[in-house]
Amino acid sequence: MSDLESARLLVTAAQEIVDAAIKYAAVVTEGGAKIDEHQVHTERVTYLATQVRAAHELTATGERLAAAGRPDALLSSEAFIYAAEATQALSTALNAYYDDFGVDDVAAKLETFEVRTAIRSGLSEQRIRELGQARIATGGVNNVELEDEIATLTRDLARDFAKNEVVPIAQDIHRQDLLIPESLISKFSEMGFFGSSIPEEYGGTGMGDLPMIIITEELSQASLAAAGSLATRPEILSKALLAGGTEEQKQEWLPKLASGEVIVAVSVTEPDTGSDSGAVQTRAERAEINGKQGWVINGAKAWCTFSGRANVLAMLVRTDPDTSKGNRGLSLLIVPKDPYYGHEWRHEQPEGGVITGTANPTPGYRGMHSFTLAIDNYFVPEENLVGGEGGVNNGFFLQMGGFAAGRLQTGGRATGVAQAALEKACQYVVQRKQFGLSLAEFQLTQHRIGEMSARISAARQLTYAAARDFNSRGYEAPMAKLLSCDVAVAVTQSAQQLHGGWGYSEEDPISRYVVDALVLPIFEGVKPILELKVVGAALLRAAK
Ligand SMILES: Cc1cc2nc3c(=O)[nH]c(=O)nc-3n(C[C@H](O)[C@H](O)[C@H](O)COP(=O)(O)OP(=O)(O)OC[C@H]3O[C@@H](n4cnc5c(N)ncnc54)[C@H](O)[C@@H]3O)c2cc1C
């Protein structure tokens with residue numbers, strides 16, 4: 001059997017068990033309505049389903065490439081290894097929590113001779129070490145076939161840009177906790193990176209979700225905060241405008257977002273409101289100031305990334321004072337302000353309104369600064385409420401598409417950070433000698449690199465699959481975010497360990513990759529919420 005045939009055998013068996021487990025969990029949770037009474041099991045099933053989905057997408061990529069006459073031996077090996085890893089994880093969970101899964105009818109399919117043999121072969125030390133050796137030999141560089149001409153050209157462009165413009169400044173920005181320089185923002189605009197998800201008719205490049213993810217991945221490889229996350233800035237607002245903005249609002253704002261003339265910061269989180277974003281407390285009340293109709297905002301926001309430099313905040317506010325209405329009482333306001341630099345800022349309006357920002361110190365994700373905001377009687381004209389009158393109390397729903405796109409982007413961001421760590425590790429283990437040998441010659445090093453490489457490929461192909469077929473209501477994009485972020489955390493830490501003590505030095509970028517990766521499972525939907533309320537809920541609803 002070829003590697004891809006073995007991978008497919010495993011994915012098919014695992015998928016059958018996962019489908020049965022989801023079906024049973026859907027019954028137990030009444031289509032997801034009672035997830036909170038079964039959180040631990042729901043999380044387990046969701047995660048296993050995500051791993052099996054990634055194994056499927058990686059295998060499917062290998063199959064498509066082989067069918068097109070361009071087989072990729074390393075990717076096929078990664079598909080086999082990852083399929084074996086995912087199937088073994090399922091088998092272990094089934095052994096430990098058998099009764100919870102309710103898969104009596106199909107459980108034996110994981111225990112057949114063919115499946116057990118394939119798992120052992122896929123996870124064989126020799127296979128993983130050979131993959132590691134092959135990756136070390138090519139510096140870990142990712143040149144996987146993208147099956148899409150525009151995406152391929154985009155990768156070359158973004159890779160050059162990252163190498164020439166971002167890498168030389170990334171480490172200084174991190175170590176000195178600087179803001180992204182204006183020169184980089186201008187070059188970013190010239191490349192059209194801000195407008196990649198905005199249609200051409202509104203000034204964007206409308207290049208589609210896959211090329212956009214490739215840009216994000218390549219830039220994140222150079223720096224998560226100083227480049228890879230810049231392209232995600234306009235996402236929430238542009239998606240909300242496209243979903244429900246008035247035509248005047250689209251004409252007014254989208255071209256400015258696409259060109260980078262307007263830099264957006266997203267302001268949803270509050271000091272007391274995080275994952276439960278329907279509980280936003282910051283209030284906006286109708287008011288007339290100097291003969292102008294609009295809204296006056298009062299409250300506090302938290303973690304508003306890049307809000308100092310931004311000239312617009314996309315702010316979710318409560319417009320219906322009845323808090324029992326939850327997410328049905330919120331609106332999305334476009335809040336203009338001047339740009340400021342540094343860790344503290346204060347913007348005063350002629351009308352008397354004030355917003356102040358204080359940056360929260362963080363170990364990583366530096367370059368944009370994330371601020372706590374105090375908002376005091378800040379006036380916003382009525383034409384800045386997304387969707388006009390139709391958008392009043394509808395802001396939460398208009399934002400949903402932006403949240404989904406943000407998760408997809410984060411799959412790309414995480415893959416980029418993990419890839420950076422893999423390449424750095426591949427370079428280091430060749431140079432560093434101990435006990436008379438380069439680290440690359442030790443079996444354990446080869447095995448570690450092989451594991452890292454297979455996991456990154458799985459995360460990457462799951463993210464690409466979600467991008468190719470992006471559907472803001474689907475569960476592949478949040479699955480991609482869920483898996484890739486965990487892969488980034490694990491891979492960066494493995495890569496750091498391969499650097500020994502030198503990997504702990506702030507002078508080496510590997511220590512930046514580690515602290516940057518730590519934020520990935522937190523923002524854009526903290527991991528447990530993604531597992532339970534996004535992926536889990538969608539899977540169980542669909543299986544009802
Ligand atoms: C560096 C950084 C940048 C950020 N940038 C932005 C930004 O630009 N704009 C913005 O609006 N926000 C931003 N955020 C905020 C981010 O989106 C939130 O931190 C995230 O949504 C989680 O909210 P929280 O921190 O309040 O955690 P909480 O919601 O308090 O959750 C904490 C933990 O509680 C547990 N938990 C919570 N609810 C449940 C539940 N129902 N079931 C089981 N367990 C549960 C989970 O373990 C969870 O991890 C940023 C955060 C960081 C760290």
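The values are calculated or read from the model by the stated rules, or taken from the named source; none is laboratory data. Just so it is clear, the structure is predicted and the values come from calculations on it, not from any experiment. In this analysis, Cβ positions are derived from the backbone assuming ideal geometry, glycine residues included, and neighbour counts consider all displayed protein chains. For the accessible areas, the whole protein counts, side chains as well, though only heavy atoms, and no ligand, DNA or RNA atoms are used. Shrake-Rupley method; radii C 1.70, N 1.55, O 1.52, S 1.80 Å.
Remarks
- Members of the range 167-178 that are in contact (Cβ under 8 Å) with a residue 24 or more places away in the chain and more than 9 Å from Ala226 (Cβ to Cβ): Val167, Gln171, Arg175, Asp177
- Among (1) over 24 Å from Gly406 (Cβ atoms); (2) open to solvent by 60 Å² or more (accessible area, probe 1.4 Å); (3) not in a loop (DSSP other than H, G, I, E, B), the one test that Arg159 misses: (1)
- Test: residue in the range 524-538 that is within 22 Å of His174 (Cα to Cα), modelled with pLDDT under 95 and within 16 Å of the ligand (Cβ to nearest atom): yes
- For the range 134-156, the criterion of being open to solvent by less than 70 Å² (accessible area, probe 1.4 Å), modelled with pLDDT under 95, within 26 Å of the chain's Cα centre (by Cα) and aliphatic (A, V, I, L, M) is satisfied by at least one residue.
- Checklist (1) farther than 19 Å from Leu313 by Cβ; (2) in contact with a Ser or Thr (Cβ under 6 Å, 6 or more places away or on another chain); (3) open to solvent by 10 Å² or more (accessible area, probe 1.4 Å) applied to Glu247, failing item: (2)
- When the range 270-303 is filtered for residues that are touching a residue at least 40 places away in the same chain (Cβ under 8 Å), closer than 22 Å to Val534 by Cβ and near the ligand (Cβ under 8 Å from one of its atoms), the ones remaining, listed by number, are Gly274, Ser275, Ser277, Ala302, Trp303.
- Residue pairs whose Cβ atoms lie under 7 Å apart, sitting 6 or more positions apart in sequence or on different chains, and linking a residue in the range 512-526 that is over 18 Å from Gly367 (Cα atoms) to a partner that is of a type in the set (A, V, I, L, M, F, W, C) and more than 10 Å from the ligand (Cβ to nearest atom), are Pro521/Cys485; Pro521/Val489; Gly525/Val534.
- Every residue from the range 499-523 that is more than 11 Å from the ligand (Cβ to nearest atom) and either modelled with pLDDT under 95 or part of a loop (DSSP other than H, G, I, E, B) (or both): His499, Ser505, Glu506, Glu507, Asp508
- With a requirement of 2 or more residues that are in contact (Cβ under 8 Å) with a residue 60 or more places away in the chain, the strands (runs of 3 or more DSSP E) lying completely within the range 335-394 that satisfy it span 370-381.
- Screening the candidates Ala488, Ala405, Ala454 for the property of being open to solvent by less than 10 Å² (accessible area, probe 1.4 Å), at pLDDT below 95 and not basic (Lys, Arg) yields one hit, Ala405.
- Residue match in the range 502-509 (condition: buried (at least 24 other Cβ atoms within 10 Å of the Cβ) and in contact (Cβ under 8 Å) with a residue 24 or more places away in the chain): no
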